[in-house]
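S.K.: Sending over a structure as structure tokens; questions will come in a sec.
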Amino acid sequence: MGIISDILFNLSTGFLFANFILLSGNIIQMPRVLIITYYWPPSGGSAVLRWLKFTKYLGEFGWEPVIYTPRNPEPQEIDYSLIKDIPSGLTIIKSRIWEPYTLYKWVTGKKKEDRLGVALMSDKKKPGLFSKISLWIRSNLFIPDPRRLWVRPSIRLLTEYLKQHHVDVVITTGPPHSMHLIGLGLQRRTGIKWVADFRDPWTGIDFYRDLLLTGMADRCHKKLERKVLESADHIITVSPGMTSAFKSMGIGNVSTITNGYDDEPSDPDVSDNGKFTLLHLGSLPKSRNPLVLWEVLSMLVKENAEFASCLEIRLIGKADRVVRESVERFELGRYVVWQEFVPHDKTLGIMTGASVLLLCINNIPNAGGILTNKFFEYLSANRPIIALGPPDGDASAILAETQAGKMFEYVDAVGLKVHLLALFVLYSQHNLKIVNQQIGIYARRNLTGALSELLNKMLH
């Protein structure tokens, strides 16, 4: 077997029967798609969900998925609840990866199981010299990201796999954008059809400017990004805004398939404690710090005793130290319930049990194309959404289309205050209800149907 000896095959008898379909009396093999993803269960967090859920439903649309992922990744979280969504008998190929995070933990005295921050979030007031040096090394010597060292071994391994096993299309999903370099290498070696899926921008990501890049490193990032965009047979993005941004770069073969939600029932996690609960689910880096919200809530608790007695702010997910400092500065600490992580199978119940869902879109230029997994799961919870972000962006348009909530600019304290008070009055009258309109197109099963149509076209 040679290099294939590092491959983990997970085949069951039941899945072997699913590999074939009956067409006009003839049995034919289903087309196969190889999905290259760094994030896979038991890794947790939002980065896992998109392709785990596509994989869950692809068989219903006549495609057999095959997963390639690291055997020993550096996960943001561990979430064993996601394992139940892996289709029975799925073929999973794994190989070992070496990342500089292992050395970083050893030098800094962190434990092997310690989780590193999301993006560039920090829990320290001022990064020390070692942190700055580490960031410089990560940004300038590991381009496009620290998974770069996995690219060549993966290309060699998967080239051998493709010689022995038929695959019709390869899909890479990033970030980390090193996954796209694996797709690029496979396309060059084998000529296989290749789709590059961008869950986030590359050089357009909000923290790109904070990476301490040299001019040479910046040019290298942009050159690799352009090479991927121009070489892939098709590009998928998660939002119309990101699609438009790529098209403005002269890239024509781009489609939008948003993130979505599972159309599955869930019991609300409601503890009748008489609280007007504002829930934010997900990470809060400094670019999402909702200063205007803290300002408005601080005014309301001082002006309205009834509001103050009922208010609960529930923040689930990692938060930058800037966010925590803001909460304390506006004297809201006693109203906040902090929780770093909740398994994904518990989140829908928590969302449906909240009074209001908070959505904070990064307060950066070109934020109009940001559409997260969380946003669509918010829609499925049928709770009113208060969003902070660009009023002309993709999320704002969907909120208006579905009547699920309202978007406010990061400086609109007056409008936000009036709206919050109106929601509190409805809550006090036990009439805080909402039925979202036209959200079915964002169900993950329907989105997988759109993906399968794109893949079917690539067969011809």
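S.K.: Among the listed residues L455, L432, identify the single one that is within 25 Å of the chain's Cα centre (by Cα), among the hydrophobic types (A, V, I, L, M, F, W, C) and over 19 Å from D200 (Cβ atoms). So that I can check it myself, show each step before the final result.
M.R.: Working: L432 fails: within 25 Å of the chain's Cα centre (by Cα).
Sole residue among the options that is within 25 Å of the chain's Cα centre (by Cα), among the hydrophobic types (A, V, I, L, M, F, W, C) and over 19 Å from D200 (Cβ atoms): L455.
S.K.: Taking F408 and the conditions (1) crowded, with 22+ Cβ neighbours inside 10 Å; (2) within 21 Å of the chain's Cα centre (by Cα); (3) not charged (D, E, K, R), which numbered condition does it fall short on, given that it satisfies the others?
M.R.: Unmet condition: (2).
S.K.: Hey, any hits in the range 157-177 for a residue that's in a helix (DSSP H, G or I), within 18 Å of P73 (Cβ to Cβ), out of contact with any helix residue (DSSP H, G or I) (no Cβ under 8 Å at 6 or more places or on another chain) and at pLDDT 95 or above? Write out each step before concluding.
M.R.: Of the range 157-177, the ones in a helix (DSSP H, G or I) are 157-164.
Now drop any that are not within 18 Å of P73 (Cβ to Cβ), which leaves 157-158.
Subsequent filtering for residues that are out of contact with any helix residue (DSSP H, G or I) (no Cβ under 8 Å at 6 or more places or on another chain) retains none.
No, because not a single residue in the range 157-177 is in a helix (DSSP H, G or I), within 18 Å of P73 (Cβ to Cβ), out of contact with any helix residue (DSSP H, G or I) (no Cβ under 8 Å at 6 or more places or on another chain) and at pLDDT 95 or above.
S.K.: Which condition breaks for I192 when tested against (1) over 14 Å from Y38 (Cα atoms); (2) modelled with pLDDT of 95 or more; (3) of a type in the set (A, V, I, L, M); (4) under 25 Å from the mean Cα position of the chain (by Cα)?
M.R.: (4)
S.K.: Another one. Just give me the residues in the range 212-244 being among the aliphatic types (A, V, I, L, M) and either surrounded by 19 or more Cβ atoms within 10 Å (Cβ to Cβ) or not in a helix (DSSP H, G or I) (or both), in sequence order. Spell out how you get there, then give the answer.
M.R.: Initial filter on the range 212-244 (among the aliphatic types (A, V, I, L, M)): 212-213, 216-217, 224, 228-229, 232, 235-236, 238, 242.
L212, L213, L224, V228, L229, A232, I235, I236, V238, M242, listed by residue number.
S.K.: Looking at L426, L371, which one is out of contact with any Leu (no Cβ under 8 Å at 6 or more places or on another chain), at negative phi and not assigned by TED's automatic domain parsing to the domain that holds E64? Give the derivation first.
M.R.: On the way: L426 fails: out of contact with any Leu (no Cβ under 8 Å at 6 or more places or on another chain).
On inspection, the qualifying residue turns out to be L371.
S.K.: Among the residues of the range 320-329, are any among the charged types (D, E, K, R), assigned to a loop (DSSP other than H, G, I, E, B) and either assigned by TED's automatic domain parsing to the domain that holds E77 or in contact (Cβ under 8 Å) with a residue 12 or more places away in the chain (or both)? Walk me through how you get there before you give the answer.
M.R.: First pass over the range 320-329, keeping only residues among the charged types (D, E, K, R): 320-321, 324-325, 328-329.
Narrowing the set further to residues that are assigned to a loop (DSSP other than H, G, I, E, B) leaves 320.
If we keep only those that are either assigned by TED's automatic domain parsing to the domain that holds E77 or in contact (Cβ under 8 Å) with a residue 12 or more places away in the chain (or both) too, we end up with 320.
Yes, because at least one residue in the range 320-329 is among the charged types (D, E, K, R), assigned to a loop (DSSP other than H, G, I, E, B) and either assigned by TED's automatic domain parsing to the domain that holds E77 or in contact (Cβ under 8 Å) with a residue 12 or more places away in the chain (or both).
S.K.: To continue, here is another question. Inside the range 76-120, can you point out the residues that are in contact with a strand residue (DSSP E or B) (Cβ under 9 Å, 6 or more places away or on another chain), within 19 Å of P144 (Cα to Cα) and at pLDDT below 85?
M.R.: Passing the criteria: Q76, E99.
S.K.: Also, quick follow-up: Can you report the number of residues in the range 425-448 which are surrounded by fewer than 16 Cβ atoms within 10 Å (Cβ to Cβ) and of a type in the set (G, A, S)?
M.R.: Of the residues in the range 425-448, 2 are surrounded by fewer than 16 Cβ atoms within 10 Å (Cβ to Cβ) and of a type in the set (G, A, S).
S.K.: For the range 208-219, enumerate the residues that are over 13 Å from D145 (Cα atoms) and in contact with a Ser or Thr (Cβ under 8 Å, 6 or more places away or on another chain). Break it down stepwise before answering.
M.R.: Pass one, the range 208-219, residues over 13 Å from D145 (Cα atoms): 209-210, 212, 214-216, 219.
Matches in the range 208-219: L212 only.
S.K.: From the residues in the range 282-318 that are modelled with pLDDT under 95 and touching a Ser or Thr at 6+ places or on another chain (Cβ under 6 Å), which one is farthest from A354 (Cα to Cα)?
M.R.: Across the range 282-318, the extreme among qualifying residues is K318.
S.K.: Continuing with this model, one more query. What tally of residues in the range 245-280 results from selecting those that are over 25 Å from I370 (Cβ atoms), assigned to a loop (DSSP other than H, G, I, E, B) and modelled with pLDDT of 80 or more?
M.R.: Total meeting the criteria: 2.
S.K.: A further question on this structure: Could you list all residues from the range 155-211 that are among the charged types (D, E, K, R) and surrounded by fewer than 24 Cβ atoms within 10 Å (Cβ to Cβ)? Please lay out each step first, then the result.
M.R.: Here is the first cut: in the range 155-211, the residues among the charged types (D, E, K, R) are 156, 160, 163, 168, 188-189, 193, 197, 199-200, 206, 209-210.
Passing the criteria: R156, E160, K163, D168, R188, R189, K193, R199, D200, D206, R209, D210.
S.K.: Further question: Can you go through F276, F307, F207 and tell me which one is aromatic (F, W, Y), in contact with a Pro (Cβ under 9 Å, 6 or more places away or on another chain) and either touching a residue at least 40 places away in the same chain (Cβ under 8 Å) or more than 30 Å from I133 (Cα to Cα) (or both)? I'd like the intermediate steps shown before the answer.
M.R.: Working: F276 fails: in contact with a Pro (Cβ under 9 Å, 6 or more places away or on another chain); F307 fails: in contact with a Pro (Cβ under 9 Å, 6 or more places away or on another chain).
The match here is F207.
S.K.: Among what's in the range 50-75 and is under 17 Å from the mean Cα position of the chain (by Cα) and part of a helix (DSSP H, G or I), pick the residue that is surrounded by the fewest Cβ atoms within 10 Å (Cβ to Cβ). Give the derivation first.
M.R.: Initially, the range 50-75 is screened for residues under 17 Å from the mean Cα position of the chain (by Cα), giving 50-56, 69, 73-75.
Filter once more, so that each one left must be part of a helix (DSSP H, G or I): 50-56.
Numbers: R50: 23, W51: 23, L52: 23, K53: 21, F54: 25, T55: 23, K56: 19.
Per the stated criteria, the residue is K56.
S.K.: Where in the range 374-460 are there helices (runs of 4 or more DSSP H), lying wholly inside it, with at least 3 residues that are at pLDDT 95 or above and within 30 Å of G62 (Cβ to Cβ)?
M.R.: Values: elements: 394-402, 413-428, 444-458.
The helices (runs of 4 or more DSSP H) meeting that bar are 444-458.
The values are calculated or read from the model by the stated rules, or taken from the named source; none is laboratory data. Since the model is a prediction, treat every value here as computed from it, not as a measurement. Because the Cβ atoms are built from the backbone with ideal geometry, glycine has one as well, and the counts that use them run over all protein chains shown.
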